[in-house]
Amino acid sequence: MRTLLAFLIALTTASAQTFEDPKAAAFYAEHKDFFHYATPADLPKDLNWHDGSEQKEFADPRAIRGGTLRQFTAGTPPTLRRVGPNANNSFRGELYDNNDFGLLSSHPNTDEPIPALATSWAMSPDGMTAYFRLDPNAQFTDGQPITAEDYFYAFYFHRSPWAKADWYADFYTREWGGITKYDAHTISIKAPRKRPYQLEQLGELRPLPRNFFKDFGPNYEKLYNDRFHPTTGPYFVSPTGFQREKSVTLTRVKDWWGDHRKFTRFRYNPDVIAYGVIRELDSAYASMLDGEIDFMPIMMPRYWYGTNEKKAYQNGYLIKAQFFNDIPRPPYGLYINTQKPLLSDLDVRVGLQHATDFQRVIDGFYRGDYDRLNQFSEGLGKFTDPSIRPRRYSPELARAAFAKAGFTQVGPDGILMNAAGERLSFRLTFDTSDRRKYLATLVESARRCGVEYRPETLEHTTMYRKVMEKNHDIVFWAWSVSGRIPALWESHHTDNAVEKLADGRKVPKRQTNNITGIDDPALSKIIDQFRNATEETEMIKLSFAMQHRIHDLADFIPGFKVPGYRIAHWDWVKFPEGFDVRSAEDPGQYGLFWLDPKQREVDLKDFRDGKVRGAPKTVIEDRWRTE
Amino acid sequence: MSLFDPSTSQRFERFRQNRMGWWSLLTLVTISALALLGPLLVGNRPLVLKVDGAYRFPVFAGFISGRELGLKIEGEPNYRLLAEELKRNGRGWLVMPPVPFAPAEVCEVMPEVSRDAEGRWHDPRGIIAEGRIFTLNADGTRRQTWTIIAGRPHGDARLFAEGIGIARAKFADGKVAQRVPTTDRTDWEPQGSLRTQVPSPCPPGLDGHWLGTDESGHDMVARLFGGFRLLLLSALIYLPCAYGIGLVLGAAMGYFGGWFDMVSQRAMEIWSNIPFLYAIIFLASLLEPTLAVLVLILVAFSWIGLAQQLRASAYQVSARDYVTASRALGASHARIIWSHILPNCTTVILTTLPFSLHGLVFSLSALDYLGFGLPPTEPSWGELLHQAKENWAAWWILGPTLFCLVGTMVMINSIGEALQDAFDVRRTQK
Amino acid sequence: MRDYVLRRLLLVPLTFVGITFVAFCFTRFVPGGPIEQALAERQQADRKRSTAARPSGPASPEELDNLKRRYGFDRSLVEAYAIWLGAAPGPADWITVRLDKDGKAEAEVADDLIPGKSFKLNISQTGDVFTLTTADGNPRAHWLAAAAPLPDDPEKATRVLVYRRAYAGLLQAELGDSTTSDKPVWDEIKSRLPISAWFGGWSLLLAYAISIPLGVAKALKSDGWFDRSSTQLLFILYSVPGFVLGVVGLNFLCHQLHWFPSMGFNWEHAFMSTVLPLSCEMVGAFTALTLFTRNGLLDNLTTDYVRTAKAKGLSNRRIVFVHVLRNSLIPIAATFGGNLGFFLTGSFLIEFTFNIPGLGLLGYDSLVHRDYPVFLGLLTLSSLAMLIGNIVSDLCVAAVDPRIRFDKSA
């Protein structure tokens, strides 16, 4: 009987078993200290299991499945690979990042962990290991079940030199301490070191479809270039769904595992998402007004206000919506290279802060729709000190600060000079994006304060090179931000500011993100302390201290922040109560909207016949607005 | 062939007979002369300024600190506002240029708003469909703002202190619906006169902007004028350089021939195949991207065609008997090139000149259109075209720019055609 | 004559190498290459946030070194150019490994003999020498190993580059792979060729089909009102830059009036999506050619043989269409060679404005994305077309006009 049972178990597991990569197995065997195999009996008994059920569901149960969502993209992705050269392209969010799940997700409104591929989880008492029970029904988009082995495979894959993904290789080596399989649907993951938000970080692990990677080898880069990599999410790209330079079509999985789970049901409602290539935003906007695109972001004032004059809006078919979100704000602003002469003077920098009129740019160019950025680390929730405010534009204060730095004489052109005859004249570098249009405003405002900004617009890559070589004076720039924890080592630590040459000279360190070249021992000390802190209260205290120090050093002139997103959508796209969730940057990110294909037909016909449907409608949802 | 040859006056007569070309030349020369006047016609510094009995000429004097004029600011005053102030307090008067805006100046059009019988807010263009109205502090910063939708306060209203937002209220149907922070000390009533800002590009007719403003808030007339001046300046750099190089090399190649000609021909073939956008990106990153740099890059890529034409003409001349004769008489190469070859190239120079100009205007506009040109503070027609492409509702950007650009091109080419007629050079070569 | 042709042909490779070498220098010295592009893309703010782990922050030394190798920036200018040309062997396939403490490592690489298969190489170090052996203990042809130390290497283990030495350049008829799409450059060009050929073909056809009859008509009625007004019109057309007309057309005819599609080129509506871009591309194209035909014809009409023919009593019509036109067309035929290049590269300003995915746009994109293999591939194509076209033109002229002899000139 027992043998029969064992046989039956073996048989069922064998049928459920997907491809086993012998090379992967050899890799696991080679790294025994990282990959562990255990039995369910080895699972600690006294674990405190959670399942996130206390968190509120955020999708709308009224959502209807079906329809085709028409979208546009400026270009098809260079590759469908998820790692390796060119994989980090602007389309991967739509393909993978928003369309894939880890063990846990974070609740978009509360930031608390909620279940995703794991149904329940527990932390070890020492806070170093997290245990996960996996959803046995979860499948990849190609129908393969997701089991513990797929999590092992993620490590093997990313650390392989064939993936040509050095960043991932590093990440999957340094940021994880080990993984243990108890059975096909129970695993534990060990942390590499003590750090804050351990559970959230460990729960980010995403499985990889090892069956799909049957041919993974030295030819990976070319072999998988045009093949969609099955995800754990609701959409996949069929072999015909990817037409270079034309379109990308995402198709929904028939019976997706997430449809039966609390935090993923009623989401990702369209059956098909079709992206057509339209390179120019203006052409896309025109297509949207013709009803060929269901919704599109219209963040720029010329679209948002321009829509008021469009028939589709006036006749009540097209709806404008503004959604305020609450997310970490990219630090848009001017970065002052403190390693340059004159700019190394704190008083000069303070003067420049007062001489740079971003409020005028916001009021004029952005029509008062954006907000002034307060400081470098904004939107990090409790880690952001709300008391820090930017220095306001004021010719008097600017001149006072410049006078402190010795710039008291006025040259024949109205630019301030010091006793040595040095003029307050700096190169101001912008890239060739739309933003260069307000360069003139900054130049003119600064002139009133006795400062000359010599404008320069460079093509983006050229500018990047210049800044990475630390050849700029002042540059308009912004870093992308990912987490809600301030990460200032890259941008503000001494380690990244200067390097010592063999002859003992100190020179600006190139190719680092400390583009202001700020070299302040006090700040570096707090940054180091923060990086080693694990207690939240201490982290908050240190975080505030860092932000104050950066404000005092005045190396970054805060520009503006975009307080949310604005879209125009046709009325057949329906949005949930509250429109979207707090962390959403665009409607596609959490996929809460749904379509009414029947209404689309009727509306489009009426619209083209010139009928009036109703009064113009603008939706403003500000429940998550921060200030 | 000298300048006062009878054939010269004959050619001049023939040139005049082509009426289109002749008038184009006159017009272009007139416009260029006007452009040379520059800030006397278009600029934000007054021609004459009289304050407290003292005369000043800021357009020539340049920067004058506000303190010198008895104002409370250190920087240069906004003379248009100063004019109003002087009129009010009777301290003096000033005369602005006909177009009182500088090409690089950013203008904000902020008309006062009024309320109609139904309580809806109007600006000079009509009911405010969606926008903001605000009150200002003495220093020009905003004090209070209200969002207006369909003429009524709806949505956001904000209070600013020292240029930084301190409180917010949400209006619904003209009433305060919500306050942030909730313990609000203000009653959200306007304090001071209410204005709105007409967003850039601003349509013609407001604030003395005859052709409106462009997307950055520059006055269109000033911008077009500045763009023409820039083209003129670039032509002044471009033509001597391009022709200098083309002439010397072309003449030398045609005259010496042989291996020198062979090698130079290959070098030119190589050089003419280099995509010049790359060169622009490359050189602009090494040097400050100013007009001179840009034009010199253009020179580097355009002398080839000239050199080729001049080479052909020099080649023809050098084969003639009198050149051979003077060489036999012991004349130096330099002398022969100077006295025989170069004068014979005059025809080529004169007849190709307009077409070189055509190429220059085209290239500069195309570069700015693509965004690889000058910094956006410099006025340029190409950049305006780029804006026109993005703001196609703003006809006042596209129309005048198109008119200026095509008009200039037509005039240049008409002159070229007339010159060809005059010199009896026919296009038998592409 | 034969000598001349031979000499010209011999000069073609030389000039070609010159062109490509200068262009190659540009790809080397233009600040900001594919590496910066990759790094800029991952850490600047104009992109969406995501919860997934994805590359961020500056590159590690290892990553930077691999990027350099990938884009060939680990070599000197001349060496890299020779590799691109196929005159020197380059690392066709490579991988870096770290030696363990015994000075040994293993690498599995793609098999160059059996496509799609891979095999293992064992690396061992003795002194400064690396030896590579396959599983059976023998060395493998063309596979080599070399030390690849990193600056600021955080790890101590020796880093070794294992690579296959091979000639894979232009001389081997390989243009390399695009660095953005990883596709062979030739495939990229091939996929864009139909659209460029479509536009190029039409513009070539229309240019000649309109200009020549117009030129003839003008010459026959020279200095009449038709001649003068059409010349005027042609000059006005010549004065309108094509891209300016493009902007106007796009605004009014596409966006405002919806007469033409604004979404780029589409084979299904080939006609509608061709009209506007083609008119913009061609707006200034007739002028030179028409006047060229007209003036050539006029020149020929005053020659002796025409006078003789007239004296013989041949009809005017017969003189013009049979004798004069044929002679006038010879120099026009000669311009055909030069047009070959344009036919291939198209007008990128128009393709940019109308978003037509032809070769011009490919070239522009390759420039903006620093896709150097594609850029060099296009340059190869266009400069070859130009060089050969020039010779063809010369030959055409020489073949029909025995008076022209190139031997004595130059």
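Only the coordinates and a few stated rules stand behind these numbers; no lab work does. Because the structure is predicted, anything quoted here is derived from the model rather than measured. Positions of Cβ are generated from backbone atoms using ideal geometry, with glycine treated the same way; all protein chains shown enter the neighbour counts.
To the nearest 20 debye, what is the magnitude of the charge dipole of the protein assembly as shown about its Cα centre, counting +1 on the Cβ of each Lys and Arg and -1 on the Cβ of each Asp and Glu?
Working: 162 positive and 159 negative charges, 632 e Å.
Approximately 3040 debye in magnitude.
For region A:186-203 and region A:413-487, what is the centre-to-centre distance using only Cα atoms, to the nearest Å?
Result: 42 Å between the Cα centres.
Taking the alpha-carbon centroid of each part, what is the distance from region B:30-91 to region A:79-155 in angstrom?
Between the Cα centre of region B:30-91 and that of region A:79-155, the gap is 67 Å.
May I ask for the distance between the Cα centers of region C:153-225 and region A:245-267, given as a whole number of Å?
41
Report the local net charge at residue B:74: Lys and Arg +1, Asp and Glu -1, summed over other residues whose C-beta lies under 11 Å from its C-beta. Can you show the working numbers first?
On the way: positive: A:399, A:448, B:67, B:72; negative: A:396, B:68, B:76.
Within the 11 Å Cβ shell, the charges total +1.
Considering only DSSP beta bridges whose two residues both sit in the protein assembly as shown, what percent are antiparallel, to the nearest 5? Don't jump to the answer; show the numbers that get you there.
Working: 126 of 150 bridges.
Antiparallel bridges: around 85 percent, rounded to the nearest 5.
Hey, got the dipole for region C:185-400? About the Cα centre, +1 on K and R Cβ, -1 on D and E Cβ, debye to the nearest 20? If you can, show how the numbers build up before the last one.
Values: 13 positive and 12 negative charges, 222 e Å.
With Lys and Arg at +1 and Asp and Glu at -1, about 1060 debye.
Kirkwood hydrodynamic radius (Cα pairs, Å) of region A:463-563?
On the way: mean 1/r = 0.0679 Å⁻¹.
Taking every pair of different Cα atoms in region A:463-563, averaging 1/r and inverting gives 14.7 Å.
Could you pull the Cα extents of region C:172-229 along its three principal axes, largest to smallest, in whole Å?
Cα spread of region C:172-229 along its principal axes, largest to smallest: 60, 22, 15 Å.
Can you give the mean number of other chain Cβ atoms that lie within 10 Å of the Cβ atoms in peptide A:161-174? All intermediate terms of the calculation are to be shown ahead of the outcome.
Working: counts 9, 5, 0, 4, 3, 11, 10, 3, 3, 5, 4, 1, 0, 0.
The mean count of partner-chain Cβ atoms within 10 Å per residue comes to 4.
Give the peptides A:444-451, B:19-26 in descending order of average Cβ contacts within 10 Å, highest first. Write down the numbers at each step before the final one.
Details: A:444-451: 24.0, B:19-26: 17.0.
Going from most to least packed, we get A:444-451, B:19-26.
How long is the gain from residue C:271 to residue C:14 if the chain were fully straight, where each residue apart is worth 0.36 nm and the alpha carbon distance is subtracted?
88.3 nm
Write down the Kirkwood hydrodynamic radius of region A:513-618, to one decimal in angstroms, obtained as one divided by the mean of 1/r over all alpha carbon pairs.
Values: mean 1/r = 0.0526 Å⁻¹.
Evaluated over region A:513-618, this radius sits at 19.0 Å.
So if the hydrodynamic radius of chain C is defined as the Kirkwood radius over C-alpha pairs, what does Stokes-Einstein give as its diffusion coefficient at 10 °C and 1.306 mPa s, in µm² per second? Write down the numbers at each step before the final one.
Working: Rh = 26.2 Å.
Once the numbers are plugged in, D ends up at 61 µm²/s.
Nothing charged except the Cβ atoms of Lys and Arg (+1) and of Asp and Glu (-1): what's the magnitude of the dipole of chain A about its Cα centre? Round to the nearest 20 debye. Could the numbers behind the result be given before it?
Details: 84 positive and 84 negative charges, 154 e Å.
Rounded to the nearest 20 debye, it is 740 debye.
Could you order peptides C:141-149, A:538-546, A:73-81 by the average number of other Cβ atoms within 10 Å of their residues, highest first?
Working: C:141-149: 14.7, A:538-546: 18.9, A:73-81: 20.6.
Taking the mean over residues of other Cβ atoms within 10 Å, the ranking is A:73-81, A:538-546, C:141-149.
On C-alpha positions alone, give me the angle between the axis of helix B:381-390 and the longest principal axis of chain B, in degrees, nearest 10.
50
Please provide three numbers in whole Å: the alpha-carbon extents of region C:185-400 along the principal axes, with the largest listed first.
Principal extents (largest minus smallest coordinate, Cα): 65, 42, 28 Å.
In terms of modelled amide H atoms, which long-range or inter-chain residues lie less than 5 Å from the amide H of residue A:110?
none
What Kirkwood hydrodynamic radius, in Å, does region B:3-71 give when the mean of 1/r is taken over all pairs of distinct Cα atoms and then inverted?
Details: mean 1/r = 0.0628 Å⁻¹.
Roughly 15.9 Å, rounded to one decimal.
Can you give the calculated 222 nm mean residue ellipticity of chain A, where each DSSP H run of n ≥ 4 adds -39,500 (n - 2.57) and the sum is split over every residue, rounded to the nearest 500 deg cm²/dmol? It would help to have the intermediate numbers written out before the result.
Numbers: 20 runs with 171 residues, N = 627.
Computed mean residue ellipticity for chain A: -7500 deg cm²/dmol.
Once you wrap a convex hull around the alpha carbon atoms of region B:134-175, what is its projected area averaged over all directions, in nm²? Write down the numbers at each step before the final one.
Numbers: hull surface 11.5 nm².
Average projection, Cα convex hull of region B:134-175: 2.9 nm².
Across 10 Å bins from 0, what is the distribution of all Cα-Cα pair distances for the protein assembly as shown, in whole percents?
Reading upward from the zero bin: 1, 7, 13, 18, 19, 17, 12, 7, 3, 1, 0, 0, 0.
How much mean residue ellipticity at 222 nm does chain B get from its helices, if each DSSP H run of length 4 or more adds -39500 (n - 2.57) and you divide by all residues, to the nearest 500 deg cm²/dmol? Intermediate values should be presented prior to the final figure.
Numbers: 13 runs with 217 residues, N = 430.
Roughly -17000 deg cm²/dmol at 222 nm, from the helical runs in chain B.
Between residue A:120 and residues 5 or more places away or on another chain, which pairs have amide H atoms under 5 Å apart, with H built 1.01 Å from N, and which residues are they?
Under 5 Å from the amide H of residue A:120: A:133.
Among the lysines, which have Cα under 19 Å from the Cα of residue B:50 when same-chain residues fewer than 8 positions away are ignored?
The reachable lysines, counting only those whose Cα sits under 19 Å from residue B:50, are B:72, B:87.
Rounded to the nearest 10 degrees, what's the angle between the helix B:6-17 long axis and the longest principal axis of chain B, both from Cα atoms, 0 to 90?
40
Put +1 on the Cβ of every Lys and Arg and -1 on every Asp and Glu Cβ in the protein assembly as shown; which of A:461, C:173, B:238 then has its Cα farthest towards the positive end of the dipole?
B:238
How large is log10 of I(q)/I(0) for region C:91-166 at q = 0.22, 0.25, 0.26 Å⁻¹ when the intensity is taken from the Debye formula with one equal scatterer per alpha-carbon?
-0.99, -1.22, -1.30
Taking other Cβ within 10 Å of each residue's Cβ, how do C:128, A:357, A:259 sort, fewest first? Let's see the in-between values first.
Numbers: C:128 6, A:357 24, A:259 16.
Going from sparsest to densest Cβ surroundings: C:128, A:259, A:357.
Rounded to the nearest 500, what is chain C's calculated 222 nm mean residue ellipticity when only DSSP H runs of at least 4 contribute -39500 (n - 2.57) each, over all residues?
Numbers: 14 runs with 219 residues, N = 410.
Taking each H run of at least 4 residues, the total per residue is -17500 deg cm²/dmol.
Within chain C, which complete DSSP H helices have Cα atoms spanning at least 15 Å along the helix axis and a mean Kyte-Doolittle hydropathy of 1.0 or higher? Walk me through the intermediate numbers first.
Numbers: long enough: C:2-29 (41 Å, 1.13); C:185-220 (50 Å, 0.84); C:225-239 (21 Å, 0.31); C:272-282 (16 Å, 0.97); C:285-301 (25 Å, 0.63); C:325-345 (30 Å, 0.94); C:372-400 (41 Å, 1.77).
Result, helices passing both filters: C:2-29, C:372-400.
Where does each of A:312-322, C:2-12 land if you order them by average Cβ count within 10 Å, highest first? Intermediate results must be reported in sequence, preceding the final value.
On the way: A:312-322: 20.2, C:2-12: 12.9.
Descending packing order for the listed peptides: A:312-322, C:2-12.
If all Cα-Cα distances of chain A are sorted into 20 Å bins from 0 onward, what percent lands in each bin, rounded to whole numbers?
The distribution over chain A is 16, 46, 32, 6, 0, 0, given as percents.
Over 15 Å, how big is the tail of the calculated P(r) for region B:279-365, in percent of all Cα pairs? Show your work: numbers first, answer last.
Values: 2508 of 3741 pairs.
Cα-Cα pairs in region B:279-365 separated by more than 15 Å: 67 percent.
For peptide B:160-168, what's the mean number of Cβ atoms from other chains within 10 Å of each residue's Cβ?
Taking the mean over all residues of the peptide, I get 5.
Listed here are the pairs A:164/A:509; A:23/C:120; A:190/A:541; A:466/C:156; which of them are more than 20 Å apart at the Cα?
Details: A:164/A:509 27 Å; A:23/C:120 12 Å; A:190/A:541 28 Å; A:466/C:156 32 Å.
In this structure, A:164/A:509; A:190/A:541; A:466/C:156 exceed 20 Å between Cα atoms.
Among all the lysines, which ones have a C-alpha under 17 Å from residue C:190's C-alpha, if same-chain residues fewer than 8 places away are not counted?
Partners within reach: A:246.
Tell me which of A:388, A:488, B:400 sits at the most positive position along the dipole axis of the protein assembly as shown, charges placed on C-beta atoms (Lys, Arg +1; Asp, Glu -1).
My answer, from the dipole projection, is B:400.
Provide the per-residue ³J(HN,Hα) series for region A:472-481, in order, calculated from phi with Karplus coefficients 6.51, -1.76, 1.60 and θ = phi - 60°, each as a whole number of Hz, with x at glycine and proline positions.
Once θ is set to phi - 60°, the couplings for region A:472-481 become 7, 8, 9, 9, 7, 7, 7, 8, 6, 10 Hz.
State the answer as a single residue: which of C:347, C:257, C:297 lies farthest towards the positive end of the charge dipole of region C:185-400, with beta carbon charges of +1 for Lys and Arg and -1 for Asp and Glu, about the Cα centre.
Value computed over the given set: C:297.
For B:380-386, what's the mean count of beta carbons from other chains sitting within 10 Å of each residue's beta carbon?
On the way: counts 0, 1, 3, 2, 0, 6, 2.
Rounded to a whole number, the mean comes out at 2.
Is there a pair in A:340/A:470; A:56/A:617; A:311/A:617; A:214/C:68; A:320/A:617; A:574/A:617 whose C-alpha atoms are over 18 Å apart, and which pairs would that be?
Values: A:340/A:470 9 Å; A:56/A:617 30 Å; A:311/A:617 12 Å; A:214/C:68 29 Å; A:320/A:617 7 Å; A:574/A:617 14 Å.
Over 18 Å apart, Cα to Cα: A:56/A:617; A:214/C:68.
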